[in-house]
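Trainee: First the structure, then my questions, so here it is.
The values are calculated or read from the model by the stated rules, or taken from the named source; none is laboratory data. Bear in mind the structure is a predicted one, so any value in this text is a computation, not a measurement. Backbone-built Cβ (ideal geometry, glycine too); neighbour counts: all protein chains shown.
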Amino acid sequence: MTHAPAPDDTVPSPRFDTPFLDTLETLFRWRRDIRRFRTDPLPEGMVEDLVRQAALAPSVGHAQPWRFVSIVDPAKRAAITANFERACAEAGAIYDGPRAEAYARLKLSGLREAPVHLAVFCDEATPAGHGLGRQTMPETLRYSVIGAIQQLWLAARARDVGVGWVSILDPAAAHRDLGAPASWALVAYLCVGWPEPDTDSDTPELVRAGWQDPVDEARHLFVW
């Protein structure tokens, strides 16, 4: 990586070379949703470092509305696990036949094994940003949190740490059981830890399980 010339009072902007770009694409390809974790703890300070890098994400009006909460209370963890199991059973009821059998075989969370649980909220009452950029599209506040989550995910993958997003939850019950402030909206519940040996892959688990093949890349970009 080289740097372009810059005035004396500014930090020079980086120039990213081809090897870096190739490595970056490899990182993107290996950023998989992990559900199978070892129970070994992460090194001290790693979660804090991941959150620090997540907070480098852009946000509407520079509001920085993300709130990462490490859930260590066993009772709160148990409540989230029970919430997931109820929601998972209810979600599975929409399928029948072979698709129902396939759903039943899927491992859809690592809640019982992952050493770290992170609840990620959007503080929708934050005064930061002074409302800039979200008067017409208030949902951009939550989109900002999603950007920070993706940044944390990539930072974790770069350290060989896995992340799994547990989306099969009743968010109102989770909010209540976690005791979050009323103005905080739950955006994600993440499992974080070392992936189990021989389960890490650059192919999404749902592809490997035969649930959904990749969509043709030609369908991702449209010209109107």
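Trainee: Could you grab me the full set of residues in the stretch 130-161 that are of a type in the set (S, T, N, Q) and more than 27 Å from Thr26 (Cα to Cα)?
Mentor: Gln135, Thr136, Thr140
Trainee: Of the residues that sit in the stretch 93-126 and are in contact (Cβ under 8 Å) with a residue 24 or more places away in the chain and β-branched (Val, Ile, Thr), which one is surrounded by the most Cβ atoms within 10 Å (Cβ to Cβ)?
Mentor: The extreme case among them is Val120.
Trainee: Within the stretch 127-186, which residues are basic (Lys, Arg), surrounded by fewer than 17 Cβ atoms within 10 Å (Cβ to Cβ) and under 25 Å from Pro204 (Cβ atoms)? Give the steps one after another, and end with the answer.
Mentor: Restricting attention to the stretch 127-186, the residues satisfying the condition of being basic (Lys, Arg) are 134, 142, 157, 159, 176.
Next, from what is left, pick out any that are surrounded by fewer than 17 Cβ atoms within 10 Å (Cβ to Cβ): 159, 176.
Within the stretch 127-186, Arg159 is the sole residue that qualifies.
Trainee: Right, here's the next one. Please indicate, with yes or no, whether at least one residue in the stretch 45-64 is more than 25 Å from Val145 (Cβ to Cβ), of a type in the set (Asp, Glu) and at pLDDT 95 or above.
Mentor: Within the stretch 45-64 (the criterion being more than 25 Å from Val145 (Cβ to Cβ), of a type in the set (Asp, Glu) and at pLDDT 95 or above), the answer is no, since none of the residues qualifies.
Trainee: Just to verify a result, which residue in the stretch 1-37, among those that are in contact with a Phe, Trp or Tyr (Cβ under 7 Å, 6 or more places away or on another chain) and either exposed (fewer than 11 other Cβ atoms within 10 Å of the Cβ) or in a loop (DSSP other than H, G, I, E, B) (or both), is modelled with the lowest pLDDT?
Mentor: Ranking the qualifying residues of the stretch 1-37, first place goes to Met1.
Trainee: Something else now. Within the stretch 153-161, does at least one residue satisfy the condition of being under 21 Å from Ala91 (Cβ atoms) and not β-branched (Val, Ile, Thr)?
Mentor: Taking the stretch 153-161 and keeping what is under 21 Å from Ala91 (Cβ atoms), we get none.
No: the stretch 153-161 contains no residue that is under 21 Å from Ala91 (Cβ atoms) and not β-branched (Val, Ile, Thr).
Trainee: Is it the case that Asp73 is within 30 Å of Arg134 (Cβ to Cβ) and acidic (Asp, Glu)?
Mentor: Judged against the criteria, Asp73 is not a match.
Trainee: Only one residue in Gly110, Gly92 is under 25 Å from Val207 (Cα atoms) and out of contact with any strand residue (DSSP E or B) (no Cβ under 8 Å at 6 or more places or on another chain). Which one?
Mentor: When all the criteria are applied, what remains is Gly92.
Trainee: Given the criterion of a type in the set (D, E, K, R), part of a helix (DSSP H, G or I), touching a Cys at 6+ places or on another chain (Cβ under 9 Å) and modelled with pLDDT of 95 or more, identify the matching residue among Arg176, Arg142.
Mentor: Working: Arg176 fails: touching a Cys at 6+ places or on another chain (Cβ under 9 Å).
The conditions single out Arg142.
Trainee: OK, next. Within the stretch 70-80, does at least one residue satisfy the condition of being free of Cβ contacts under 8 Å to residues at least 12 places away in the same chain, small (Gly, Ala, Ser) and assigned to a helix (DSSP H, G or I)?
Mentor: Checked the stretch 70-80: at least one residue is free of Cβ contacts under 8 Å to residues at least 12 places away in the same chain, small (Gly, Ala, Ser) and assigned to a helix (DSSP H, G or I).
Trainee: Something else now. Does any residue of the stretch 156-165 turn out to be farther than 21 Å from Phe84 by Cα, assigned to a helix (DSSP H, G or I) and in contact (Cβ under 8 Å) with a residue 24 or more places away in the chain?
Mentor: Yes, the conditions are met somewhere in the stretch 156-165.
Trainee: How many residues, within the stretch 43-69, are basic (Lys, Arg) and in a strand (DSSP E or B)?
Mentor: Result for the stretch 43-69: 1.
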